[in-house]
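K.L.:
Pasting in a structure now, in structure tokens, and then I'll have a few things to ask.
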Amino acid sequence: MPPLLTRFLVVQLAVILLMPSMNVLAQDAPFILKSTQLTIELNKQGKVTGITFNRSGLHKAVVAYTAVESFTNTNDKAIPSADKKSIRFEHALYSDSLRQACTLIETFSSTVNSIRWEMEITAAGSAFSVPMKTVVQYPAGKDSRFWTSWGAPQFDSANCDPQLLASLSPYKNKTAEKGWMDPLIPIPFSKQTLYYGAPPFEYTDPKVGVIPFQGNLFAIPFASVFEQPQDNGLSVFLSPEDDIVNLLMKTGANGSFVFERLFNKVSGDKKIKFSSDLVAHEADWRSVLSWFAARYPGYTNPKNPAAAALGGTAAYSNFFDDFDALKMKRMAFTVNWQASFDFPYMGMFLPPLERTEQWTRLGGGSISVQHMDDYAKRMKQKGFYVLSYFNVTEFGSWFKYPQSSTGTDSNALWKDASNFLYNNFPKAMLTVADKVSITDALDSKTVHGGPYYSWKDAVAMDCGDPAYQQFLLNQAQRHIKEIPNSFGVCIDRLDWLRFFNENADDGISWFDNKPARSLVNSWKGLMEKLGPLMHTAGKSVLVNNHYKRIDLLKHADGILDEFTNATSPLNLTAFLTLNKPALGWTPGKEVIEAAGGDNFFQKYLYLGVFPMCPFPGNDHALQPDPMVDELYLDYGPLMNQLKEKQWLLKPGIVRVNNDKAKVNIFKTKSGYSIPVVYGEGDVVTVVLKDAAFAKGNFIYKVYLPGRLDAVKVKTTRKGDLVELAVPLVRGAAMVTITKGLKAKDAGKSAGRVE
């Protein structure tokens with residue numbers, strides 16, 4: 001047979017073989033929507049049946065849909081928009097087990113950089129709650145990788161090669177602390193369950209005082225898949241603006257991931273609305289975080305820009321005497337969170353007294369408002385800041401239940417925490433429901449119908465109670481007025497926000513088959529008032545957020561986390577503070593000794609988080625010590641280069657040749673900083689891929705542990721690349737990039753890096 005005829009027949013056969021698949025596509029995916037980077041196919045029932053990455057042309061048979069647990073579709077209707085930029089699907093659903101009907105409306109619409117996916121649910125009968133799921137079935141291959149904003153990568157070690165496992169846990173001393181893992185590494189899919197911020201409240205295990213130690217938590221609601229050989233990535237983002245009461249994410253080894261929203265009330269009098277975005281991008285975690293930060297800047301940027309100055313090592317101290325300010329500056333110290341001992345009892349932060357009148361402190365001795373402000377003023381004069389202690393979820397000390405007296409003297413009522421609560425906001429006290437299992441994990445005084453007890457017998461409170469909320473706002477107003485030299489407040493103990501007030505109704509939550517008020521919604525309602533009150537006065541609000549959810553941080557200017565030493569909280573804090581100050585905690589030198597000094601500091605540098613420093617009077621925190629002080633002075637020059645950091649989220653912008661070290665890059669007060677950590681050898685090559693750096697006039701320097709002064713770095717430019725020969729000491733370095741002196745008109749080509 002002639003070669004030409006052979007080629008003709010082969011082509012004809014290929015066309016015939018392709019025709020059936022083309023017809024299937026036409027039948028199963030009659031609707032197509034496009035954004036700049038992504039094309040999706042939808043069938044008549046409103047399911048996504050395929051996606052195409054527009055940049056590479058790669059097609060994936062991704063299936064995605066909404067599932068309302070126990071409900072099945074009885075009717076579907078598709079309504080494309082006239083401009084073909086959106087499609088509305090109306091689904092009639094029915095549950096045999098609940099004997100309930102409901103309506104689900106889904107709208108898919110094209111935006112510039114995503115496919116927006118919105119859903120509304122209303123019920124035809126009585127109110128109820130079931131898990132509402134966003135289901136994605138991704139056809140994962142051997143090179144597919146999963147990533148999210150986790151406390152630690154969740155993986156099956158059988159699916160990970162030795163090189164990946166070594167990169168996840170880079171400590172040189174493998175017998176050191178049990179395990180910080182690099183959260184920026186995507187891993188093969190595996191069967192996992194992850195919790196948004198913390199596990200949900202359960203009667204059988206309420207987890208009072210929960211601490212986010214576990215790695216299977218996620219801080220920002222998204223899931224990402226990377227196809228690294230083709231440099232393609234797909235992310236599904238849930239909106240932090242939604243009324244999410246509780247959220248789980250379940251992943252499967254086959255590439256599936258499912259978001260389950262829990263405890264939302266479905267009824268006929270109020271629509272439930274949720275939204276998400278399907279986004280295509282490069283196979284780089286920076287692309288993922290960049291999209292989120294651009295789409296939701298209200299959650300990633302501080303409302304008070306001045307809060308950036310708080311970036312640095314912190315203290316939690318009630319030490320009022322003098323100290324070596326120069327030494328502390330060398331340790332990158334910036335702020336003291338005034339330890340919780342000045343008030344007479346929890347919640348009564350400023351008693352109803354004149355400015356110079358003194359009261360008895362919970363920590364002993366006496367103090368006045370004037371004294372507190374004078375201290376903040378002295379610290380400011382030294383170049384440091386003070387944050388006042390605040391707490392909206394606990395009240396009282398040595399609280400008495402049940403009420404034993406009425407406390408009728410109104411002028412002295414404030415001195416009695418129990419009667420002050422009973423007389424002013426009794427409905428705010430969070431009570432123990434009858435179904436709660438009272439175990440040894442709870443305070444011995446705990447009874448059904450009574451309060452949950454906390455530190456020094458304070459009791460848990462619902463800040464959504466109108467009377468209590470007004471009391472808190474009045475306290476904040478007094479802080480603004482009477483302690484003008486304070487930089488703001490740091491709010492403690494957000495772990496209580498996992499709970500429900502079953503004696504109230506927020507109109508959103510449905511728990512144990514009845515209305516309730518989720519303290520998540522109580523917090524959001526309070527902060528819509530407290531945040532603007534503080535920010536309008538130029539004050540900052542930081543939080544100690546044991547509950548690691550970004551939707552709780554809309555009005556928070558930063559985080560001072562009590563448990564970053566436990567590694568998972570460190571990673572979660574980093575994700576939650578992309579453009580905000582991130583301050584950590586060090587309970588004692590034993591933590592540093594267990595990790596090894598270099599291991600301890602380098603993970604903080606890598607993630608742009610500052611550890612707590614050794615400061616006189618630190619409460620359950622790091623004390624001055626010769627060994628500790630020396631380490632902080634060694635790493636202080638490196639930490640000082642991260643002041644006012646913001647994550648530089650440009651895909652592929654920085655790497656180390658041959659993966660000889662871990663590297664990150666931040667925009668800072670003076671330019672850019674590149675932490676190089678866990679390095680091998682004496683010198684590594686850091687590669688910057690950005691035309692602005694390659695063509696601009698920049699000065700590159702490096703700071704090394706134990707050395708006060710920086711040295712210049714040898715650079716080589718190759719097209720859009722800049723190669724830096726970075727020396728290492730103890731496996732670490734901090735490269736800084738600042739604008740150089742410009743020759744005439746040289747700056748015109750310098751560009752800008754964002």
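K.L.:
Skipping prolines and chain starts, which residues have an amide H placed within reach, meaning under 5 Å, of the one on Gly558, given they are 5 or more residues away or on another chain?
P.N.:
Placed amide hydrogens put Val543 under 5 Å from Gly558.
K.L.:
If you don't mind, another one. For Lys712 paired with Ala158, estimate the spin-label separation in nm (one decimal), with each label point 7 Å from Cα along the Cα-to-Cβ line.
P.N.:
Those two pseudo-labels are separated by 5.7 nm.
K.L.:
Now a separate question. Taking the C-alpha atoms of the stretch 426-540, how large are the radius of gyration and the largest Cα-Cα span, Dmax, in Å?
P.N.:
15.9, 49
K.L.:
Let me ask something else about it. When only DSSP loop residues count, what trypsin sites (Lys or Arg not before Pro) in the stretch 414-499 have their Cβ near at most 14 other Cβ atoms within 10 Å?
P.N.:
Values: sites: Lys415, Lys427, Lys435, Lys445, Lys456, Arg478, Lys481, Arg493, Arg498; in loops: Lys435, Lys445, Arg493.
In loop regions of the stretch 414-499 (DSSP not H, G, I, E or B), the sparsely surrounded trypsin sites (Lys or Arg not before Pro) are Lys435, Lys445.
K.L.:
Over 24 Å between Cα atoms: which of Lys265/Lys456; Lys645/Lys712; Lys34/Lys548 fall into that group? Walk me through the numbers before you get to the answer.
P.N.:
Values: Lys265/Lys456 36 Å; Lys645/Lys712 21 Å; Lys34/Lys548 34 Å.
Among Lys265/Lys456; Lys645/Lys712; Lys34/Lys548, the Cα-Cα distance tops 24 Å for Lys265/Lys456; Lys34/Lys548.
K.L.:
Once you order the gyration tensor axes a ≥ b ≥ c over the Cα atoms, which shape class does the stretch 281-428 get: rounded for a/c under 1.5, otherwise prolate or oblate by comparing a/b with b/c?
P.N.:
Details: a/c = 3.05, a/b = 1.48, b/c = 2.07.
It is oblate, given that a/c is not under 1.5 and a/b is not larger than b/c.
K.L.:
Over the alpha-carbon set of the stretch 468-601, work out the extent along each principal axis and list the three values in angstrom, largest first.
P.N.:
Sorted from largest, the Cα extents of the stretch 468-601 read 50, 44, 24 Å.
K.L.:
Once the whole set of protein chains is in place, how much accessible area is left on Trp398, using a 1.4 Å probe, in Å² to the nearest 10?
P.N.:
Per-residue accessible area (Trp398): approximately 140 Å².
K.L.:
A further question on this structure: What residues have an amide H closer than 5 Å to that of Val335, excluding those fewer than 5 places away on the same chain, when H is modeled at 1.01 Å from N in the peptide plane?
P.N.:
Ala315, Tyr385
K.L.:
Of Lys44, Lys589, Lys712, Lys524, which has the most accessible area with a 1.4 Å probe, and how do the rest follow in descending order?
P.N.:
Final ranking, largest accessible area leading: Lys712, Lys44, Lys589, Lys524.
K.L.:
While we're on this one: So for the stretch 105-165, what are the equivalent ellipsoid semi-axes in whole Å, largest first, each being the square root of 5 times an eigenvalue of the Cα gyration tensor? Write out the running numbers ahead of the final one.
P.N.:
Details: eigenvalues 248, 69, 24 Å².
Equivalent ellipsoid semi-axes, largest first: 35, 19, 11 Å.
K.L.:
When the helix-only estimate is applied to the chain (DSSP H runs of n ≥ 4, each -39,500 (n - 2.57), divided by the residue count), what is the mean residue ellipticity at 222 nm, nearest 500 deg cm²/dmol? Don't skip to the end; give the middle numbers.
P.N.:
Numbers: 14 runs with 157 residues, N = 754.
For the chain, the value works out to -6500 deg cm²/dmol.
K.L.:
Provide Rg and Dmax in Å for the stretch 564-691, with only Cα atoms included in the calculation.
P.N.:
15.1, 49
K.L.:
For Asp440, Asp322, Asp342, give the ranking by accessible area with the largest first, probe 1.4 Å.
P.N.:
Numbers: Asp440 160, Asp322 110, Asp342 10 Å².
Result, largest first: Asp440, Asp322, Asp342.
K.L.:
On a full-extension model of 0.36 nm per residue, what is the gain between Lys695 and Gln470, subtracting their alpha-carbon distance, rounded to one decimal in nm?
P.N.:
Values: separation 225, 0.36 × 225 = 81.00 nm, distance 5.63 nm.
Length gained between Lys695 and Gln470: 75.4 nm.
K.L.:
Convert each backbone phi in the stretch 116-123 into a coupling constant with the Karplus relation 6.51 cos²θ - 1.76 cosθ + 1.60 (shift: θ = phi - 60°), then list the ³J(HN,Hα) values in order as whole Hz, x for Gly and Pro.
P.N.:
Using θ = phi - 60°, the values come out as 7, 10, 10, 9, 10, 10, 9, 9 Hz.
K.L.:
Continuing with this model, one more query. Quick check: the distance between the Cα centres of the stretch 264-316 and the stretch 610-665, to the nearest angstrom?
P.N.:
24 Å
K.L.:
Kirkwood Rh, the stretch 66-196, all Cα pairs: how many Å? Present the calculation step by step, with values, prior to reporting the outcome.
P.N.:
Values: mean 1/r = 0.0533 Å⁻¹.
Evaluated on the stretch 66-196, it is 18.8 Å.
K.L.:
Would you please put 248-255, 536-543 in order of how densely packed they are, using the mean number of other Cβ atoms within 10 angstrom per residue and starting with the highest?
P.N.:
Working: 248-255: 17.0, 536-543: 21.1.
Averaged packing, sorted descending, gives the order 536-543, 248-255.
K.L.:
Among all the aspartates and glutamates, which ones have a C-alpha under 15 Å from Lys382's C-alpha, if same-chain residues fewer than 8 places away are not counted?
P.N.:
Partners found: Asp321, Asp322, Asp324, Asp373, Asp374.
K.L.:
Note down the accessible area of Glu593, probe 1.4 Å, to the nearest 10 Å².
P.N.:
110 Å²
K.L.:
Tell me, rounded to the nearest percent, the portion of alpha carbon pairs in the stretch 351-434 spaced more than 21 Å apart. Please list the in-between numbers first.
P.N.:
Numbers: 1638 of 3486 pairs.
Roughly 47 percent, once rounded to a whole number.
K.L.:
Which whole-Hz couplings ³J(HN,Hα) result when phi for each residue of the stretch 139-146 is put into the Karplus expression 6.51 cos²θ - 1.76 cosθ + 1.60, θ = phi - 60°, listed in order with x for Gly and Pro?
P.N.:
Computed from phi, the couplings for the stretch 139-146 are x, 6, x, 5, 9, 6, 10, 10 Hz.
K.L.:
Accessible area, 1.4 Å probe, largest first: how do His535, His371 sort?
P.N.:
His371, His535
K.L.:
Expressed as a whole number of Å, what is the distance separating the alpha-carbon centroids of the stretch 668-696 and the stretch 94-114?
P.N.:
Computed from Cα coordinates, the inter-centre distance equals 47 Å.
K.L.:
If every alpha-carbon in the stretch 314-398 counts as one equal scatterer, what log10 I(q)/I(0) does Debye give at q = 0.16, 0.22 1/Å?
P.N.:
Relative scattering, expressed as log10 I(q)/I(0), comes to -0.65, -1.08.
K.L.:
As an exercise, use a Förster radius of 22 Å and the Cβ-Cβ distance of Thr536 and Ala309 to find the FRET efficiency, rounded to the nearest 0.05. Please list the in-between numbers first.
P.N.:
Numbers: r = 18 Å, r/R0 = 0.84.
Efficiency, rounded to the nearest 0.05: 0.75.
K.L.:
Output the pairs from Lys603/Lys643; Lys669/Lys701; Lys133/Lys207 with a Cα-Cα distance over 21 Å in this structure; if there are none, say none.
P.N.:
Lys133/Lys207
K.L.:
Points 7 angstrom from Cα along the Cβ direction at Lys456 and Val112: gap in nanometres?
P.N.:
5.2 nm
K.L.:
Another question, if that's okay. Using DSSP to call loops (not H, G, I, E or B), can you name the trypsin sites (Lys or Arg not before Pro) in the stretch 300-402 whose Cβ has at most 10 other Cβ atoms within 10 angstrom?
P.N.:
none
K.L.:
In straight Cα distance, which lysines are under 19 Å from Lys481, not counting same-chain residues fewer than 8 positions off?
P.N.:
Candidates past the 8-residue exclusion: Lys377, Lys380, Lys529, Lys539.
K.L.:
Kindly report, to the nearest 10 Å², the accessible surface of Thr738 as traced by a 1.4 Å probe over protein heavy atoms only.
P.N.:
Taking all protein chains as shown, Thr738 has close to 50 Å².
K.L.:
Can you pull the three principal axis extents for the Cα set of the chain, in Å, largest first?
P.N.:
Projected onto its principal axes, the Cα set of the chain covers 106, 72, 51 Å.
K.L.:
Using a Cα-Cα cut-off of under 14 Å, which aspartates and glutamates could be cross-linked to Lys329, ignoring same-chain neighbours fewer than 8 residues away?
P.N.:
Answer for Lys329, where 14 Å is the Cα cut-off: Asp629, Glu630, Asp634, listed by chain and number.
K.L.:
Once every Cα of the stretch 588-629 carries one equal point scatterer and solvent is ignored, give the base-10 log of I(q)/I(0) from the Debye formula at q = 0.14, 0.15, 0.22 Å⁻¹, two decimals.
P.N.:
-0.31, -0.35, -0.74
K.L.:
Say each of Lys427 and Arg378 gets a label point 7 Å from the Cα, pointing the same way as Cα to Cβ; how far apart are those two points in nm?
P.N.:
4.5 nm
The values are calculated or read from the model by the stated rules, or taken from the named source; none is laboratory data. Here the structure is a predicted model, which means the values were calculated and not measured. Positions of Cβ are backbone-derived with ideal geometry, glycine not excepted, and every protein chain shown enters the neighbour counts. Protein only, heavy atoms only, side chains kept; ligands, DNA and RNA dropped before computing areas. Shrake-Rupley method; radii C 1.70, N 1.55, O 1.52, S 1.80 Å.
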